[in-house]
Each structure stands twice: as structure tokens, then as C-alpha cells.
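A.B. asks: Below you will find the structure I want to go over with you.
The values are calculated or read from the model by the stated rules, or taken from the named source; none is laboratory data. As the structure is a prediction and not an experimental result, all values here were calculated from the model. Cβ sites come from the backbone with ideal geometry, for glycine too, and all protein chains shown count toward neighbours. Note: accessible area is taken over every heavy atom of the protein model, side chains too, but ligands, DNA and RNA are not part of it. Shrake-Rupley method; radii C 1.70, N 1.55, O 1.52, S 1.80 Å.
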Amino acid sequence: MLGRLYLVVTPRPGWSLEATLDRTERALAGGVEVVQLRAKDWEARPTLALGERMLALARRYGVPFFLNDRPDLAALLGADGVHLGQNDLTPEEARRFFRGMVGRSTHAPEQALRALEEGVDYLSVGPVWETPTKPGRPAAGLAYVRWAAENLKEKPWFAIGGIDLENLDQVLEAGARRIVVVRAILDAPDPEKAAKAFRERLYGVA
């Protein structure tokens, strides 16, 4: 169900909902295989309004739709999954609200091992590089990606954090086969072209 190219859509200040949805659709047309709405600090009603439209886009393109942080809203939307940070609800708590897939952000090996014990469906590994998407979060580095490639065999995992077309080869050489992208697709002059370029590179490795 989860492919190799996962897009997190973080609405930008000054972007209209239409602009956000247009960029999301162009990325989906380029081959994004999972889409997540990450609307930090938004209240429930606007999150649901954008989530409903983004879910409809995901359905049209046949890809899973995830919501960040909020299993209650994910349940209301009928989302395919929810993605949890280290300071969010635990997977067990989230499943009291929500029956879909549950992902977990991890920043160190001990967090990854705990996520597996918690029964997550997938996890993210990073940030590989520091990124303005997560201000103040120190980079976990390529060493964590190499550790994940050696030790995380039970569940799908995605490298995340500052990944773009210029440094993608380093992430692949470290052993990642799935990645999460934010800015390098969403903010690209042509999101469809950027997504296609990532897909070609990701599926060009074994």
C-alpha cells in the first residue's frame, strides 16, 4: 500500500487553499504515492475543510491519504492513516479514535525500536539534514539511515528531512528505498516534474 515517494503537504503562508491543492495535484500527477496533510497549529474546522478536498484528490489518484498528529480528525475524514510525532499520542492511544494505518516519526535508534514495539505500520527516520520544516530539530544524519537499513526489517520506513534531488543519491547509498519529501516537490517551480524526477531515481535502485 505504501510506495517509495511520500509527500507531506504543509500549507505555506500566503498560499490560498486552491494554490495548495493545485500543487498537491500536480505532485500526484508526477507520481507521488502517499500524501499527508500537515497543518500544524491549524484549528479543527479549517483542517477538516482542506483535508476533505485533499482526500478527494488522493482518491482520484489512487494513493493513501494521511493526516498529521490528529487521529480524531483522521477518523472524521475517513483518512487512510495518521502520522504521529514523538510528542503526540502513542499509537495505542491513537487507535482508540482511529482504525487506519499509524506512522511514527523517529529521530534515533531507540525511538525506532520503541515504535516497532508499539506496533506502528511504518516509521520515518530523520531528519537526515536540518530543515526549516522542523526548526530547532538537530539532524540525525546519514548514520541513522544506515542503521535503519541494517536493523529495520519488520516494517516500511522512510528517510525524511532536507532531502532533495541533489542529495538523494547519498540517502539511497545509505540504504534508504523510501523517502518523504516536502519542499523539494511542494515548492518546486513544477511539482509534477519534480515528483517524476524523484520517482525515476527511487525506482532506478534495487
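A.B. asks: Within segment 72-94, track down each residue that is assigned to a helix (DSSP H, G or I) and under 21 Å from Val182 (Cα atoms).
C.D. replies: Answer for segment 72-94, where residues must be assigned to a helix (DSSP H, G or I) and under 21 Å from Val182 (Cα atoms): just Ala74.
A.B. asks: Checking the conditions here, which among Ala56, Ala140 is without any contact (Cβ under 8 Å) to a residue 12 or more places away in the chain and closer than 24 Å to Ala184 by Cα?
C.D. replies: Details: Ala140 fails: without any contact (Cβ under 8 Å) to a residue 12 or more places away in the chain.
Of Ala56, Ala140, the one residue that is without any contact (Cβ under 8 Å) to a residue 12 or more places away in the chain and closer than 24 Å to Ala184 by Cα is Ala56.
A.B. asks: Right, here's the next one. For residues in segment 75-114 being of a type in the set (A, V, I, L, M) and closer than 16 Å to Tyr6 by Cβ, which is surrounded by the fewest Cβ atoms within 10 Å (Cβ to Cβ)?
C.D. replies: Quick first cut of segment 75-114, residues of a type in the set (A, V, I, L, M) only: 75-77, 79, 82, 84, 89, 94, 101-102, 108, 112-113.
Cutting the leftovers down to closer than 16 Å to Tyr6 by Cβ gives us 79, 82, 84, 101-102.
Numbers: Ala79: 24, Val82: 30, Leu84: 23, Met101: 19, Val102: 26.
Here the residue is Met101.
A.B. asks: Give the residue that is most open to solvent (accessible area, probe 1.4 Å), with candidates limited to residues of segment 37-61 that are outside any helix (DSSP H, G or I) and touching a helix residue (DSSP H, G or I) at 6+ places or on another chain (Cβ under 9 Å).
C.D. replies: First, pick out the residues of segment 37-61 that are outside any helix (DSSP H, G or I): 37-43.
With touching a helix residue (DSSP H, G or I) at 6+ places or on another chain (Cβ under 9 Å) added as a condition, the list becomes 37, 39, 42.
Numbers: Leu37: 1, Ala39: 19, Trp42: 87 Å².
Step by step, filter segment 37-61, then rank; the result is Trp42.
A.B. asks: Of the conditions (1) charged (D, E, K, R); (2) touching a Ser or Thr at 6+ places or on another chain (Cβ under 7 Å); (3) without any contact (Cβ under 8 Å) to a residue 12 or more places away in the chain, Glu118 fails just one. Which one is it?
C.D. replies: (3)
A.B. asks: Name the residues in segment 143-159 that are touching a residue at least 60 places away in the same chain (Cβ under 8 Å) and open to solvent by 30 Å² or more (accessible area, probe 1.4 Å), would you? Spell out the reasoning first.
C.D. replies: If we filter segment 143-159 for residues that are touching a residue at least 60 places away in the same chain (Cβ under 8 Å), which is where we start, we get 156, 158.
Residue satisfying the conditions is Pro156 alone.
A.B. asks: Tally time: how many residues in segment 163-176 are open to solvent by 20 Å² or more (accessible area, probe 1.4 Å) and either at pLDDT below 95 or closer than 15 Å to Thr106 by Cα (or both)?
C.D. replies: Summing the residues that are open to solvent by 20 Å² or more (accessible area, probe 1.4 Å) and either at pLDDT below 95 or closer than 15 Å to Thr106 by Cα (or both) in segment 163-176 gives 0.
A.B. asks: While we're looking at this one, here's another question. Of the residues that make up segment 11-20, is at least one more than 30 Å from Glu93 (Cα to Cα), open to solvent by 40 Å² or more (accessible area, probe 1.4 Å) and hydroxyl-bearing (Ser, Thr, Tyr)?
C.D. replies: Scanning segment 11-20 turns up at least one residue that is more than 30 Å from Glu93 (Cα to Cα), open to solvent by 40 Å² or more (accessible area, probe 1.4 Å) and hydroxyl-bearing (Ser, Thr, Tyr).
A.B. asks: Cβ-Cβ below 7 Å, separation at least six or inter-chain, first residue in segment 14-25 and assigned to a helix (DSSP H, G or I), second modelled with pLDDT under 95: which pairs?
C.D. replies: Thr20/Pro11
A.B. asks: Got at least one residue in segment 184-198 being part of a loop (DSSP other than H, G, I, E, B) and either surrounded by 23 or more Cβ atoms within 10 Å (Cβ to Cβ) or basic (Lys, Arg) (or both)?
C.D. replies: Start the filter on segment 184-198 by keeping residues that are part of a loop (DSSP other than H, G, I, E, B), which leaves 187-190.
Checking which are either surrounded by 23 or more Cβ atoms within 10 Å (Cβ to Cβ) or basic (Lys, Arg) (or both) leaves us with none.
Among the residues of segment 184-198, not one is part of a loop (DSSP other than H, G, I, E, B) and either surrounded by 23 or more Cβ atoms within 10 Å (Cβ to Cβ) or basic (Lys, Arg) (or both), which makes the answer no.
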